1. Any idea how many residues of segment 157-169 are under 17 Å from Val92 (Cβ atoms) and either touching a helix residue (DSSP H, G or I) at 6+ places or on another chain (Cβ under 6 Å) or among the small types (Gly, Ala, Ser) (or both)?
2. Working carefully through the options Arg154, Arg133, find the one that is at pLDDT 95 or above, surrounded by fewer than 17 Cβ atoms within 10 Å (Cβ to Cβ) and either over 29 Å from Val92 (Cβ atoms) or of a type in the set (A, V, I, L, M) (or both).
3. When you check Ser127 against the structure, is it surrounded by fewer than 12 Cβ atoms within 10 Å (Cβ to Cβ) and small (Gly, Ala, Ser), yes or no?
4. Tell me the strands (runs of 3 or more DSSP E) entirely within segment 18-60 that contain at least 2 residues that are over 14 Å from Gly70 (Cα atoms), small (Gly, Ala, Ser) and at pLDDT below 95.
5. Regarding segment 100-114, can at least one residue be identified that is over 20 Å from the mean Cα position of the chain (by Cα), loosely packed, with under 15 Cβ neighbours inside 10 Å and not aromatic (Phe, Trp, Tyr)?
6. Which ones in segment 37-69 are in contact with a His (Cβ under 8 Å, 6 or more places away or on another chain) and surrounded by 13 or more Cβ atoms within 10 Å (Cβ to Cβ)?
Amino acid sequence: MTNTAGLEHEALAMFQDWLDAACKTDLHEPTAMALATANAQGRPSVRTMLLKSFDERGFVFFTNSQSCKGKELRENDFASLCFFWQPLMRQVRIEGNTVTISAEESDAYWESRPRDSQLCAWASQQSSPLDSRETLERRMAEAHARYIDDTIPRPPHWIGYRVIPERIEFWKSGWRRLHERVLYEKQEAGWCKTLLYP
């Protein structure tokens, strides 16, 4: 085990290298990740999301704060991310507390989204029961008519979340199942780097 300054930057640089390599494969969504959350009772749920950015502050995704994941993050802000890049046989797991990002950051990303994605954020009451497909299509048409000639504002419930990493684990497939596992973990004295048995 080592404990030195700069290990957090080393982990982030390694993640960037692995993500860059994944982007060069034929994966349709190399930024796809499993996001695991849990409610106040500890009951977990998981779904696939897209990573939108990351830096020394953490890993960012966007969603409807009124969705199941949004409700769970209000009750229990701890979350886990998992990236699996099958063509490379590599995986990264990230764990940490989650915070909402600033309105300015959410606005900036919102403005980059395709118009249909913006309209859908207004039309969909994400995770709520839907009586019929026709209702959703009607709500989409209403949103389109409302903003037909206007810039579409960001809904107040559509926000960004940042997972602040406390653990980042890299896994790489190895010959005869002798896989390589490296864990970067934040402790009181700073970041530690540990090799793990496969």
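The values are calculated or read from the model by the stated rules, or taken from the named source; none is laboratory data. Just so it is clear, the model here is predicted, and its values are computed rather than measured. Every residue, glycine among them, receives a Cβ derived from its backbone with ideal geometry; neighbour counts consider all protein chains shown.
1. Taking segment 157-169 and keeping what is under 17 Å from Val92 (Cβ atoms), we get 162-169.
Okay, now just the ones that are also either touching a helix residue (DSSP H, G or I) at 6+ places or on another chain (Cβ under 6 Å) or among the small types (Gly, Ala, Ser) (or both), so 168.
Here the count works out to 1.
2. Arg133
3. On the way: surrounded by fewer than 12 Cβ atoms within 10 Å (Cβ to Cβ): no; small (Gly, Ala, Ser): yes.
Judged against the criteria, Ser127 is not a match.
4. On the way: elements: 32-38, 44-50, 53-55.
By residue number, no strands (runs of 3 or more DSSP E) qualify.
5. no
6. Asn64, Ser65, Gln66
Let's see how each residue does on (1) under 20 Å from Pro165 (Cβ atoms); (2) touching a strand residue (DSSP E or B) at 6+ places or on another chain (Cβ under 7 Å); (3) free of Cβ contacts under 8 Å to residues at least 60 places away in the same chain:
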{"residue": "Asn39", "(1), (2), (3)": "no, no, yes"}
{"residue": "Val46", "(1), (2), (3)": "yes, yes, yes"}
{"residue": "Lys52", "(1), (2), (3)": "yes, yes, no"}
{"residue": "Arg57", "(1), (2), (3)": "yes, yes, no"}
{"residue": "Ser65", "(1), (2), (3)": "no, yes, no"}
{"residue": "Lys71", "(1), (2), (3)": "no, no, yes"}
